[in-house]
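K.L.:
First the structure, which I've put down as structure tokens, then a few questions once you've had a look.
What follows draws every value from the coordinates through simple rules; no lab data is involved. Computed from a predicted structure; not experimentally measured. Please note: Cβ atoms are built from the backbone with ideal geometry, for glycine as well, and neighbour counts cover all protein chains shown.
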Amino acid sequence: MMEISDLRIFQAVVQSGGITPAAKLLNRVQSNVTTRIQNLEENLGVLLFIREGKRLNLTSAGRILLNYAEQILALAEQARSAVHEAKPFGVFRLGTMESTAAVRLPRPLCEYHERYPNVSIELQTGSPREQIALVLAGELDAALIAGPVNDERLNTLPIFEEMLVLVGSAKHPLMASPRDARPRTALVFHPGCPYRTRLEGWFARAGVPIERVVELTSYHAMLGCVAAGMGVALMPLSVLETYSERSRLSIHPIPDPDFNKARTLLVWRKSMQNPAVTRFAELLLAYSNAAGA
């Protein structure tokens, strides 16, 4: 089987005009270069050089191979440069939670696209559990999820810290504890949502059962149900800052620090070196620091 290294040795022999100068150029022993050329000729079934004393002249087959070798080696170098290129290009597959996509990402993604127009971003929302599985499977390059994350296969970079608040209808009385919730209906996303887990944990710690759980698929649907008095929800305060009918809601801080904060992390596989992820992480950190998030 012909290898890239065989072609490099072949090219060096042609350019230097012989085995001995090629060996010096490649920092190899002369016998190794001779053996590699002989093996290459045997694999191809042709003579590549006409030997005239210490001078080697290309045969017609050798000239054909040289043309292809130069093309192949040039492409190999381009591939090496592309893999390690600091400026990203290609498809960047990013996973995120819905709240992060809606509130935190529009401006960074817009700037990212302006800086790196050769990158095509594919965005996918889902629960942290789903996102981690997709990152580990190589189906996502990175994901923004609520922590904590404990997986040694992943790099984790804190990006945003979200203040979580309880949301009720406009006339809902103060919710100092789960006992104050009226009705005790939890308006939540699917199981695995970190904010649902915190809301359920807040009720459980107080020993108060949730009487009914209503699963929804979007924050607008959830806030509409909250405004109608159907139940209570837990969500990042940043989501409410973009809601046009905030006057129909009441906002209630949670005094317990175990439930009132969530850190959003950027995660990606430790084994992956992707310039698109690196540049995206730098941009997100700049936005986070500017906003004091």
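K.L.:
So what are the radius of gyration and Dmax for the Cα set of the range 69-204, in Å?
P.N.:
Rg, Dmax (Cα atoms, Å): 21.0, 78.
K.L.:
Only four residue types carry charge here, +1 at the Cβ of Lys and Arg and -1 at the Cβ of Asp and Glu. Report the dipole size of the chain about the Cα centre in Debye, rounded to the nearest 20. If you can, show how the numbers build up before the last one.
P.N.:
Values: 31 positive and 28 negative charges, 65 e Å.
In debye, rounded to 20, the chain gives about 320.
K.L.:
Which value, in Å³ per residue, describes the convex hull spanned by the Cα atoms of the range 162-261? Spell out each step's value before the answer.
P.N.:
Working: hull volume 8.5 nm³, N = 100.
Hull volume normalised by residue count: 85 Å³.
K.L.:
For the chain, compute Rh as the Kirkwood radius over C-alpha pairs and then the Stokes-Einstein diffusion coefficient at 37 °C and 0.692 mPa s; write the answer in µm²/s, rounded to an integer. Walk me through the numbers on the way to the answer.
P.N.:
Working: Rh = 23.6 Å.
Here the translational diffusion coefficient equals 139 µm²/s.
K.L.:
Could you grab the relative contact order for the range 162-261? Cα pairs under 8 Å, six or more apart, rounded to a whole percent. Please report the intermediate quantities before stating the final value.
P.N.:
Details: 169 pairs, mean separation 49.9, N = 100.
Relative CO of the range 162-261 lands at 50 percent.
K.L.:
If you don't mind, there's one more thing I want to ask. Kindly give the semi-axes, whole Å and largest first, of the ellipsoid equivalent to the range 1-99, taking each as the square root of 5 times a Cα gyration tensor eigenvalue. Before the final figure, lay out each step's value.
P.N.:
Values: eigenvalues 299, 40, 27 Å².
Over the Cα atoms of the range 1-99, the semi-axes work out to 39, 14, 12 Å.
K.L.:
Could you give each residue of the range 94-99 its phi-based ³J(HN,Hα) in whole Hz, using Karplus coefficients 6.51, -1.76, 1.60 with θ = phi - 60°, and x for Gly or Pro?
P.N.:
Per-residue couplings from phi come out as 10, x, 7, 7, 4, 5 Hz.
K.L.:
Right, another one. Taking amide H positions as placed in the peptide plane 1.01 Å from N, state which residues far from Phe160 in sequence (5 or more) or on other chains have amide H under 5 Å from it.
P.N.:
Amide H to amide H, under 5 Å and 5 or more residues apart or across chains, Phe160 pairs with Thr264.
K.L.:
What residues have an amide H closer than 5 Å to that of Val165, excluding those fewer than 5 places away on the same chain, when H is modeled at 1.01 Å from N in the peptide plane?
P.N.:
Met235, Leu237
K.L.:
Please name whichever of Pro148, Ile210, Ala233 sits farthest to the positive end of the charge dipole of the chain, dipole taken about the Cα centre and charges placed at Cβ: Lys and Arg +1, Asp and Glu -1.
P.N.:
Pro148
K.L.:
Where does the chain land at 222 nm, in deg cm²/dmol rounded to the nearest 500, when only DSSP H runs of n ≥ 4 count, each adding -39500 (n - 2.57), divided by all residues?
P.N.:
Working: 10 runs with 121 residues, N = 293.
Rounded to the nearest 500, it is -13000 deg cm²/dmol.
K.L.:
Could you derive backbone 3J(HN,Hα) for the range 181-191 from the dihedral phi with the Karplus parameters 6.51, -1.76 and 1.60 (θ = phi - 60°), listing whole Hz in sequence and x where the residue is Gly or Pro?
P.N.:
Calculated HN-Hα couplings, in order: 5, 9, x, 8, 10, 9, 9, 9, 8, 5, x Hz.
K.L.:
Can you list residues from other chains, or at least 5 along the same chain, whose modelled amide H is less than 5 Å from the amide H of Thr96?
P.N.:
When sequence neighbours closer than 5 places are left aside, the close amide H contacts are Gln124, Thr125, Gly126, Leu144.
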